[in-house]
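The values are calculated or read from the model by the stated rules, or taken from the named source; none is laboratory data. If you're wondering where the values come from, they're calculated on a predicted model, not measured in any experiment. Every residue, glycine as well, gets a Cβ built from its backbone with ideal geometry; the counts of neighbours run over all protein chains shown.
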């Protein structure tokens, strides 16, 4: 199968998609609880940024708990996308440029910010000052901003693209492989 590099995502001609296959629909539905969790921890990061009184070690530890839970639930979702969906779509459009390159880059950026946050928050002691608490919390805020936009790109570009390109057999394979990751 020959891959065709695609240019700018906005220039792609996608057919109007009324319904996604079950595998893609599952990935889309997984965004709902992940987004709720992100919104919850982002709200706390914003309180810590806006009000010095909120930038406490206790709030940082609460944020750490929220982000840890989020990462636990994000990991299998990310594995389903990176290990299965991205690979299947890349067979059609390549991965050096275009949507897959963008999606992988954003995954890497978000994971890096989440990892930085978790490491730094775990090392922060009760004596950590307000500026450092805010800097640590900023990693979680940046991950939220990246992933919020990323989810929209997946839902509006990547998933419709996959729906258009994948054959019925590949859609069935996608569903089976996605369900195998728990």
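A few notes on this one:
- Subset of the stretch 1-56 (residues that are within 18 Å of residue 160 (Cβ to Cβ), modelled with pLDDT under 95, touching a helix residue (DSSP H, G or I) at 6+ places or on another chain (Cβ under 6 Å) and assigned to a helix (DSSP H, G or I)): 9
- Test: residue 99 is farther than 23 Å from residue 35 by Cα and either modelled with pLDDT under 95 or out of contact with any helix residue (DSSP H, G or I) (no Cβ under 9 Å at 6 or more places or on another chain) (or both): no
- Checking 30, 39, 75 one by one, the residue that is surrounded by fewer than 18 Cβ atoms within 10 Å (Cβ to Cβ) and either touching a residue at least 12 places away in the same chain (Cβ under 8 Å) or over 12 Å from the mean Cα position of the chain (by Cα) (or both) is 39 and no other.
- Against the conditions (1) touching a helix residue (DSSP H, G or I) at 6+ places or on another chain (Cβ under 9 Å); (2) surrounded by fewer than 20 Cβ atoms within 10 Å (Cβ to Cβ); (3) at pLDDT 95 or above, residue 89 satisfies every one except (2).
- Given (1) farther than 23 Å from residue 62 by Cα; (2) in contact with a helix residue (DSSP H, G or I) (Cβ under 7 Å, 6 or more places away or on another chain); (3) surrounded by fewer than 14 Cβ atoms within 10 Å (Cβ to Cβ), number of the condition residue 126 does not satisfy: (1)
- The helices (runs of 4 or more DSSP H) located wholly in the stretch 83-182 that include 1 or more residues which are under 29 Å from residue 47 (Cα atoms) and under 19 Å from the mean Cα position of the chain (by Cα) occupy 99-123, 130-153.
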